Structure formats: C-alpha cells, structure tokens
Amino acid sequence: MFEVKRIKYRKPFKIVPKKKTAIRDRLNFGAYGLLVLDNALISAKQLDAARKAIMGYIKRKGKLWIRVFPDRPITKRPAEVKMGKGKGDVDYYAAIVRKGAVIFELGGVDETVAREAFRRAAYKLPVKVKFVKEN
C-alpha cells in the first residue's frame, strides 16, 4: 500500500530528525488522532501494520486518515561486507516523523472505540504516542 512511485534521488544522504516540533500538530480531518511524542523514523511496514490494526478493530465503520507517507529510502549494506565499495541498496522506505505530529486521524466512531483502536495501533509503532481528541 505504501510504495513510492517516483523519487528524485534513489539514495539520499542520511538525515537526523531535528528537535523542532512538527507543524502538523492539529486535527484537520477526524475527531480523534494519534500524536507522536518523540522524533522517529516509521517504516512502511509499521505504518501498514498499525493501519490494519485500526481498521480490523473498527470493522470499517469509521473513516481513517493517514497523515504521513513513507517517502524516505533507507539503505543497508549486506552482512559481512568490507568497508568501502559504495553505499548499500535501498532496504525499505520510512516516514520521518517529528515530535508533536499527528500520524493517524479517525472519525465516525465513538471515543471508546477510537481509544481502543489507537491503543492497538500503538503496539505496532516504534515510538511513544498519545491519544488526542478535538476540542
């Protein structure tokens, strides 16, 4: 599901997420959201596993918005390869998520259902998250 169709550079430089807070710290679409509490790289597999956990619990009753996209290629060298000989091949794609960003939004369901769905999704993610709701 999360696959990049076209990118400008196949193997970009490695980056470290900045300490600044994210711009996308508000709910724009749904009534409930999942807010990230640390800077992180979230892989496409982790995002898809969290999406499946949410959709499996709400049984496709509500609407889910995914606010991040894994468009950053992460390279890796094979095991037991000597130094030099260039950069490794692209291993997977990841989304750069900054502290304070909302990664999932959910609408059309009760708060208890949304809390439980996001709690199940939090187990699939490599970062601490927090449940937020619309004021």
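Does any residue of region 3-22 turn out to be touching a residue at least 24 places away in the same chain (Cβ under 8 Å) and part of a helix (DSSP H, G or I)?
Looking for residues that are touching a residue at least 24 places away in the same chain (Cβ under 8 Å) and part of a helix (DSSP H, G or I), one finds none in region 3-22, hence no.
How do the pairs read when you match residues in region 109-135 that are farther than 15 Å from LEU37 by Cβ with residues anywhere that are basic (Lys, Arg) and not in a helix (DSSP H, G or I), using Cβ under 7 Å and keeping only pairs 6 or more apart or on different chains?
What qualifies is VAL109/LYS61; GLU111/LYS133.
I'm trying to understand the selection: among the residues of region 92-107, which are over 10 Å from the mean Cα position of the chain (by Cα) and without any contact (Cβ under 8 Å) to a residue 60 or more places away in the chain?
Listed by number, the list holds a single entry, TYR92.
Looking at (1) surrounded by fewer than 17 Cβ atoms within 10 Å (Cβ to Cβ); (2) in a loop (DSSP other than H, G, I, E, B); (3) under 16 Å from the mean Cα position of the chain (by Cα), which one does LYS45 not meet, given that it meets all the others?
Going through (1) surrounded by fewer than 17 Cβ atoms within 10 Å (Cβ to Cβ); (2) in a loop (DSSP other than H, G, I, E, B); (3) under 16 Å from the mean Cα position of the chain (by Cα) one by one, LYS45 breaks only (2).
Values in this text are rule-based calculations from the coordinates and carry no lab data. Since the model is a prediction, treat every value here as computed from it, not as a measurement. Note: ideal-geometry Cβ built from the backbone for every residue, glycine included; neighbour counts use all protein chains shown.
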